[in-house]
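Quick notes on the structure that follows.
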Amino acid sequence: MLGKVAFRNAKRSVRDYGIYMITVTIAFALIYAFNMLIYSEDIQALSASMNAMPMAIGMVSAVVVLAVGWLVSYMTKFMFQKRGRELGTYMTLGISNRVIARMFLLEQVLMGALAALSGFILGNVVYQVLVSIIMNIFSAPYEIRLSFSVQALVLTGVYIAVIYLAALFLTGKRLRKMKICDLLYADKKNETAAIGRTRGHWILLLVSLAVGAYGCVTLYTAFSSGANNAGKVTMTAIACMIVSLYGCYLFLAAFLSRLFLRSEKRKYKKDRLFLFRCLTAKMNTMSVTLGTLAMLITLTLAAAQSALLFSGFFEIQSAVSAGFDVLITDGTQKAREGKADFTEYEAYLEENLGINMKREYALYRTGDHTIHDWIEAREPQMAVHWFESDLAMAYSDYMALTFMQGYEPVVLEEDSYLVSCMGSIKACIGSSEIPLELGGKTLSLQECRQENFAQNGINGYYYFLVLPDEAVRNFEVEQVVFAADTDRETTEGDYDQLEAMAEADSEDAYHTVWAEVKGKTLADQDSFFTVFSFALFYLALIFSCVVATILVVQQLSEAASYKFRYRVLSNLGMTERRIDRLIFRQMAFYFGVPLVIPVFLSAFITFCINELCRNFVGTVLLLPSIFGALGMFLLLYLLYFAAAYISYRKNVLE
């Protein structure tokens, strides 16, 4: 009998809370699909750097489990309150608390089992999509086939068990202590307002905003200065932002009420009073929940924006490093004395890959740091003390490398020099005229050229100078480089072989000879993109669904009570079209309030994160990352909003 009642109630709950069930199913599907990626041999075989994926996904999955667990716990408590009268009736009929608790918990288990089973089926489809995307990123062949992983299934099952056991334990404990009167009036109870009717809400709101501003300044300092205690400073900033979010949503309703109700003209104009009361009442009773939702939205947007930002960063960084198929750098004393020998490397490349073009050249110490000082005076974070002075390359070598790279040739004018650099340095120098004193002769800057010439420690760090051949003859050699364009594509195996040869040639433990191989660089870039971006998008998608689900369920659950209120407005003469517009505004305000602070806060967090890679990419990726992630989030958010609006309108007007 108990099982039949529980099964019937579970079917009804699945129908009534369809949005919640869809979200939980999607969450379990994503968890299972990403767990399958951890144990996929095809994925691990793509690159050695893909070994970081299990750890990254494992860390993100822990956060996802907490978010989904909070959703399940919140919804279990919510359903318990909405069905309090039914459960109280069971108790009135003589059924014990323990039996009622078992029945309610069995309903939740049945719903969870249905979501888990559906999630496993959908997860296989999602896994195929993810693998296809990853294989396409690595340009690797792949055929869609049925896959199954016992390890992923067990791990996902453990996650689901932890989520539901925690939620059911808390609910069961609460239900066993409930009395008949508590159950009968459970659905009439709102969330207790966290802040009572005290004065000075505007002061507390300003304090919360000040704490948030302090957190923002602290976060920017941590990311831009690179201080030794950056980790501690970052944690302090994050704590301030969380306190600020909760504080703002705790005090905002009371502050807005006092501000709005103070003006009689504003208060009674059109239907503003009804709309405002609906909004502030919700904010008063759901202030803590709104603060939590705002925090999740901030994390969602920051994660998605960071994913896009790092994606562009890895792409630009790999382009800088992978301009040449092979680079062998020799910084030994022997090479500086003009005795560099790349014969062994040439033989390997000729035998295994074929050499299309090659060039051996030197990087020289100018003994001057004019360009470095210029950059440091304007952009201190870009001035890296990697070398003792500005490095230079002979014009003839530069032209040979330009031809190898496929860049347009440039004629170096008399008494002039060039700067070959990355985008951030070009933005800093621009068209400035920077005179250069070398060997008693003044050279003028002819052009600053943005090029992918391995300015990552091989050909200078961020930049190098191009000087006339006669100007570098008396300079000391910093290092000698061998560049090659191969007939066939390089691989990670070629890197391993060349790097082993370079390590054997190094004179000390500092590895004064090293190799840069395009195949290895691209594989690492693809791996980093896959690991970081996929993990962050995974987190963002789960958080988006959790936030939107709670907002939708909260609104739909109150459709019955608002139906009476809108009927009163109709009886007072308000047209159906106007009521429809009022419903839309009510829903828009309710869905929009949690977005106000997170949109700006997440953009600022992304701006701070951009400081970490600003030397390489400048700010060119910042706005596309912010607006791209915001657009994707709003697309999903609006889908939930549309579903809530259509259902709510139907329940209220019919």
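Here are a few things to note about the model shown:
- Of everything listed in (1) surrounded by 22 or more Cβ atoms within 10 Å (Cβ to Cβ); (2) closer than 30 Å to Arg473 by Cα; (3) not polar (S, T, N, Q), the single unmet condition for Met357 is (1).
- Thr442 vs. criteria open to solvent by 30 Å² or more (accessible area, probe 1.4 Å), modelled with pLDDT of 85 or more and not hydrophobic (A, V, I, L, M, F, W, C): yes
- Hey, Tyr495 within 25 Å of Ser527 (Cα to Cα) and touching a Lys or Arg at 6+ places or on another chain (Cβ under 8 Å) or not: yes
- Odd one out for His372, checked against (1) open to solvent by less than 50 Å² (accessible area, probe 1.4 Å); (2) more than 27 Å from Ser431 (Cβ to Cβ): (2)
- Among (1) touching a strand residue (DSSP E or B) at 6+ places or on another chain (Cβ under 9 Å); (2) in contact (Cβ under 8 Å) with a residue 60 or more places away in the chain - the single one Asp341 does not satisfy: (2)
- Of the numbered criteria (1) at pLDDT 85 or above; (2) surrounded by 15 or more Cβ atoms within 10 Å (Cβ to Cβ); (3) more than 25 Å from Leu66 (Cβ to Cβ), the one Met241 fails is (3).
- Qualifying residue in segment 513-530 (condition: more than 30 Å from Val63 (Cα to Cα), of a type in the set (Asp, Glu) and modelled with pLDDT under 80): no
- Conditions (1) modelled with pLDDT of 85 or more; (2) open to solvent by less than 20 Å² (accessible area, probe 1.4 Å); (3) in a helix (DSSP H, G or I); number of the one not met by Phe403: (2)
- Verdict on Val552 being part of a helix (DSSP H, G or I), crowded, with 20+ Cβ neighbours inside 10 Å and out of contact with any Ser or Thr (no Cβ under 6 Å at 6 or more places or on another chain): yes
- Of all residues in segment 502-549, those that are part of a helix (DSSP H, G or I) and either in contact with a strand residue (DSSP E or B) (Cβ under 8 Å, 6 or more places away or on another chain) or of a type in the set (S, T, N, Q) (or both) total 11.
- Residue in segment 346-354 that is open to solvent by less than 20 Å² (accessible area, probe 1.4 Å), at pLDDT 85 or above, of a type in the set (Gly, Ala, Ser) and touching a strand residue (DSSP E or B) at 6+ places or on another chain (Cβ under 7 Å) present: yes
- Single condition Ile328 does not satisfy, out of (1) among the β-branched types (Val, Ile, Thr); (2) over 17 Å from Thr486 (Cα atoms); (3) surrounded by 21 or more Cβ atoms within 10 Å (Cβ to Cβ): (2)
- Residue within segment 360-379 that is in contact with a helix residue (DSSP H, G or I) (Cβ under 8 Å, 6 or more places away or on another chain), charged (D, E, K, R) and more than 30 Å from Ile605 (Cβ to Cβ) present: no
- Selected residue (criterion: modelled with the lowest pLDDT) from residues of segment 375-389 that are open to solvent by 60 Å² or more (accessible area, probe 1.4 Å) and either outside any helix (DSSP H, G or I) or of a type in the set (Lys, Arg) (or both): His385
- Residue in segment 464-477 that is open to solvent by 30 Å² or more (accessible area, probe 1.4 Å), of a type in the set (A, V, I, L, M) and over 28 Å from Val513 (Cα atoms) present: no
Okay, residues lined up against (1) modelled with pLDDT under 85; (2) in contact with a strand residue (DSSP E or B) (Cβ under 6 Å, 6 or more places away or on another chain); (3) open to solvent by less than 50 Å² (accessible area, probe 1.4 Å):
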{"position": "Leu273", "(1), (2), (3)": "yes, no, no"}
{"position": "Leu279", "(1), (2), (3)": "yes, no, yes"}
{"position": "Leu290", "(1), (2), (3)": "yes, no, yes"}
{"position": "Ala294", "(1), (2), (3)": "no, no, yes"}
{"position": "Ile297", "(1), (2), (3)": "no, no, yes"}
{"position": "Leu301", "(1), (2), (3)": "no, no, yes"}
{"position": "Gln305", "(1), (2), (3)": "no, no, yes"}
{"position": "Leu309", "(1), (2), (3)": "no, no, yes"}
{"position": "Phe314", "(1), (2), (3)": "yes, no, yes"}
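- Tabulated pairs, segment 622-636, first surrounded by fewer than 18 Cβ atoms within 10 Å (Cβ to Cβ), second hydroxyl-bearing (Ser, Thr, Tyr), C-beta under 6 angstrom, 6+ apart or interchain: Leu636/Ser544
- Scanning segment 442-483 for residues that are charged (D, E, K, R) and part of a strand (DSSP E or B) yields Glu447, Arg449, Glu476, Glu478.
- All conditions but one from (1) at pLDDT 85 or above; (2) open to solvent by 30 Å² or more (accessible area, probe 1.4 Å); (3) farther than 23 Å from Met55 by Cβ apply to Gln151; the one that does not is (3).
- In the set (1) closer than 30 Å to Glu350 by Cα; (2) in contact with a helix residue (DSSP H, G or I) (Cβ under 6 Å, 6 or more places away or on another chain), the condition left unmet by Tyr462 is number (1).
The values are calculated or read from the model by the stated rules, or taken from the named source; none is laboratory data. If you're wondering where the values come from, they're calculated on a predicted model, not measured in any experiment. Positions of Cβ are backbone-derived with ideal geometry, glycine not excepted, and every protein chain shown enters the neighbour counts. With ligands, DNA and RNA removed, areas are computed over all heavy atoms of the protein, side chains included. Shrake-Rupley method; radii C 1.70, N 1.55, O 1.52, S 1.80 Å.
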